[in-house]
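Structure first, then comments.
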Amino acid sequence: MTVASEDIVDQAIAWHLRLADADADEWHRFVEWLEADEAHQAAYDQVTMDDALIAPSLDLTAAPVAANDAGPPRRFARWAGFGGGAAAAALAVAMLLPETQAVASYTVETKPGETRTMKLDDGTTIEMNGGTKMSFRKGDARYAALEAGEATFHVRHDADHPFELQSGRYAIRDLGTVFNVTRDGKRLGVEVAEGSVAFEPNRQNVTLTPGMALTAHEDRAEPKLDRIAAHNVGGWRRGVVSFRGAPIESVANAVARSTGAHLKVEPTLAKQTFTGTIHLTGDQGRLIPRVATLIGADWRRKGDNWMLTTKGDESR
């Protein structure tokens, strides 16, 4: 290893340690360093990969902090597929937020199978999938709440006024990035296409990077981390939905949101998992049986209502 490359590795290690307590300005300086030379990104990738080798032994629980203090985010994953430009300089911080006073707001809903694009006054664009309910504050384009359903966010960068998305007891505070959020009952899913998201349920800090996904459940203490191809984030917009170890009930909900199908899952099948990709093409008469085949289930239909059932159930 040359003196120059050793120097870059030392810089990468220093950044890796400093980011735990970094503020927004320091994150932007880090991004500038990362983009200045391909060797910087390669070195930082190696440092975070080496650090990830001990990840199974890490306790995600952060040290207790005062209710009004923000704990430092824990680096938990490498910077993969990091993009350039303003999107690459993005940082989103997700955390539990205290209750706020009621303000004037309005609600926007889509029916299953219906989509809608919201263009906020600040330049942020929100693509809402079917079966989605969101609320917005009047006169405040930097806040939204996702009550149910799914949406893809394209947030305009404004370091002085970060965009805030709240869903249940979770919130994502964003400084300019592209990400997809799904709210399915008490289950929250976050997938990042560009930028960086630091998620902090119950003061547990985990940093996500492009191509990473996180699933949190309000009845569980720890979130689940996973990978997703960055180009698959918000795939519902192209009629494609991808899953990795997802409950079949969540798969059915995703299909129903995008297609408007009245689709339910037999209780004995609901918690089984599915990994794969589903193309939402064709009418329901072709699509639902194809979905059943893909997940290894049977189906039955009564009028416009569909039910996915355990394999071997002959009652149709």
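The values are calculated or read from the model by the stated rules, or taken from the named source; none is laboratory data. In this text the structure is predicted, and so the values were computed from the model without any measurement. Positions of Cβ are generated from backbone atoms using ideal geometry, with glycine treated the same way; all protein chains shown enter the neighbour counts.
Worth pointing out:
- When the residues of the range 166-186 are filtered to those that are modelled with pLDDT under 90, crowded, with 23+ Cβ neighbours inside 10 Å and of a type in the set (A, V, I, L, M, F, W, C), the one that is farthest from the chain's Cα centre (by Cα) is Leu175.
- Among the criteria (1) modelled with pLDDT of 90 or more; (2) crowded, with 16+ Cβ neighbours inside 10 Å; (3) over 25 Å from Ala216 (Cα atoms), the one Thr117 does not fulfil is (2).
- Exactly one residue out of Leu34, Leu17 is at pLDDT 75 or above, surrounded by fewer than 16 Cβ atoms within 10 Å (Cβ to Cβ) and not assigned by TED's automatic domain parsing to the domain that holds Pro210: that is Leu17.
- Extreme residue, nearest to Val190 (Cα to Cα), among residues of the range 231-255 that are hydrophobic (A, V, I, L, M, F, W, C) and either without any contact (Cβ under 8 Å) to a residue 12 or more places away in the chain or surrounded by fewer than 20 Cβ atoms within 10 Å (Cβ to Cβ) (or both): Phe243
- Scanning the range 259-280 for any residue that is more than 28 Å from the chain's Cα centre (by Cα), of a type outside the set (A, V, I, L, M), at positive phi and surrounded by fewer than 17 Cβ atoms within 10 Å (Cβ to Cβ) turns up nothing.
- Taking the criterion of being of a type in the set (Ser, Thr, Tyr) and within 14 Å of Asn180 (Cα to Cα), the residues of the range 118-161 that qualify are Thr124, Thr125, Thr132, Thr152.
- Which listed residue, of Arg227, Arg286, Arg316, Arg220, is surrounded by fewer than 14 Cβ atoms within 10 Å (Cβ to Cβ), in contact with a Lys or Arg (Cβ under 6 Å, 6 or more places away or on another chain) and at pLDDT below 95: Arg316
- Scanning the range 118-153 for residues that are in contact with a helix residue (DSSP H, G or I) (Cβ under 9 Å, 6 or more places away or on another chain) and part of a strand (DSSP E or B) yields a count of 4.
- Thr207 being modelled with pLDDT under 90, part of a strand (DSSP E or B) and surrounded by 14 or more Cβ atoms within 10 Å (Cβ to Cβ): yes
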